[in-house]
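Data first, discussion second: the structure below is written as C-alpha cells.
The values are calculated or read from the model by the stated rules, or taken from the named source; none is laboratory data. Everything numeric in this text was worked out from a predicted model, so none of it was measured. Because the Cβ atoms are built from the backbone with ideal geometry, glycine has one as well, and the counts that use them run over all protein chains shown.
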Amino acid sequence: MTYLVECESCNEDLKVQHLHWEEIVCVECGDTVKNNLPEIYRDYINLQYKDGIWYYIGGSAGRQTLESHMRKNKKRMYVGGKYIPVSDPTHTPGVYKNYNDVVFNEYYKNKKIQEGNVYLISNPAWESWLKIGRAMSVPDRLNAFQTGSPHRDYKIEYSIAVSDAPLVEKLFHEELKKKKFRSRNEWFKLSVSDALNTLNQVIDNAENN
C-alpha cells in the first residue's frame, strides 16, 4: 500500500509504504515532515495527508477529512484498520489498535460475549509448561506476551474457536487439575499432546451436555 504525504513547505507529494513513522525528510526541499496521525489510525488504508490535514479517500463520499469520516461512522467498528461488520458477535463501535483494546471497552464488557478462542502458548524459558487461556484474538494475545520478553520467543502451540470460550477454558483447567498436572495460575506442566487430548475431551463433553 502506498500513501501520499504532502510536504507543507514545498507541496511535494511523498510516497510512503506505511503510516507507522514519526517523521520523514522531504526529498525535494529537505524539510522534516512530522506524523501527527494518532497511532490508533495508522493501520488504516485509503488515507492521504494534504494541506496539513489527514483525508479518507474512498466510498461514495469521495475524499473527506478523516475526522469527518469517523464522525459519520461512529457506530462502525475498526480493529487494526480493518472494518468489522455488525454481524460479527464482537462488534463494539469504535476504532481499536487490536482486540486487546476491545475487551477493555465498557460496551463490550456489557455484551457478555461467549465466542472466542482457547489457546496453548509456550515459552522455551519454561520447558514443558503451557499457558492455557482464552482470547478474542490469539495473535493479539501473543503480541501482548511478546512485549514482556526481550527474545520475543512465546509461541502459539494451538488454538481453536469455540462458541463458549469462558466455559471451555474453565472446564479445561478443572480437568487438568483433576488429572494432577502441576499448575501455577493458568500455566500447566504437560506436553502439547496431553493438553490436546484433554481439550478435545472437554469440548466433546461440553457439546454433548
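If we scan the range 29-37, do we find a residue that is closer than 24 Å to Met70 by Cα and out of contact with any Phe, Trp or Tyr (no Cβ under 9 Å at 6 or more places or on another chain)? Scanning the range 29-37 turns up at least one residue that is closer than 24 Å to Met70 by Cα and out of contact with any Phe, Trp or Tyr (no Cβ under 9 Å at 6 or more places or on another chain). Looking at the range 93-209, the strands (runs of 3 or more DSSP E) lying wholly inside it that each contain 2 or more residues that are surrounded by fewer than 17 Cβ atoms within 10 Å (Cβ to Cβ) sit at 155-162, 187-189. Scanning the range 34-56 for residues that are buried (at least 16 other Cβ atoms within 10 Å of the Cβ) and assigned to a strand (DSSP E or B) returns Leu47, Gln48, Tyr49, Trp54, Tyr55, Tyr56.
Residues are listed down the side, and each one gets a yes or a no for (1) within 20 Å of the chain's Cα centre (by Cα); (2) not basic (Lys, Arg):
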{"site": "Pro139", "(1), (2)": "yes, yes"}
{"site": "Ile156", "(1), (2)": "yes, yes"}
{"site": "Ser159", "(1), (2)": "yes, yes"}
{"site": "Pro166", "(1), (2)": "yes, yes"}
{"site": "Phe172", "(1), (2)": "no, yes"}
{"site": "Glu175", "(1), (2)": "no, yes"}
{"site": "Lys179", "(1), (2)": "no, no"}
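For the range 49-88, the tally of residues that are of a type in the set (Ser, Thr, Tyr), within 23 Å of the chain's Cα centre (by Cα) and within 15 Å of Pro38 (Cβ to Cβ) stands at 2.
Restricting attention to the range 1-21, which residues are farther than 24 Å from Gly94 by Cα, assigned to a loop (DSSP other than H, G, I, E, B) and without any contact (Cβ under 8 Å) to a residue 40 or more places away in the chain?
Thr2, Cys7, Ser9, Cys10, Asn11, Glu12, Gln17, listed by residue number.
Residues are listed down the side, and each one gets a yes or a no for (1) of a type outside the set (S, T, N, Q); (2) at pLDDT 80 or above; (3) closer than 23 Å to Val5 by Cα:
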position: Lys50; (1), (2), (3): yes, yes, yes
position: Gly62; (1), (2), (3): yes, no, yes
position: Met70; (1), (2), (3): yes, no, yes
position: Lys74; (1), (2), (3): yes, no, no
position: Met77; (1), (2), (3): yes, yes, no
position: Lys97; (1), (2), (3): yes, no, yes
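Residue-by-condition table, conditions (1) more than 25 Å from Gly80 (Cα to Cα); (2) modelled with pLDDT under 95:
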residue: Glu115; (1), (2): no, yes
residue: Ile121; (1), (2): no, no
residue: Met136; (1), (2): no, yes
residue: Pro139; (1), (2): no, yes
residue: Ala144; (1), (2): no, yes
residue: Thr147; (1), (2): no, yes
residue: Pro150; (1), (2): no, yes
residue: Leu167; (1), (2): yes, yes
residue: His173; (1), (2): yes, no
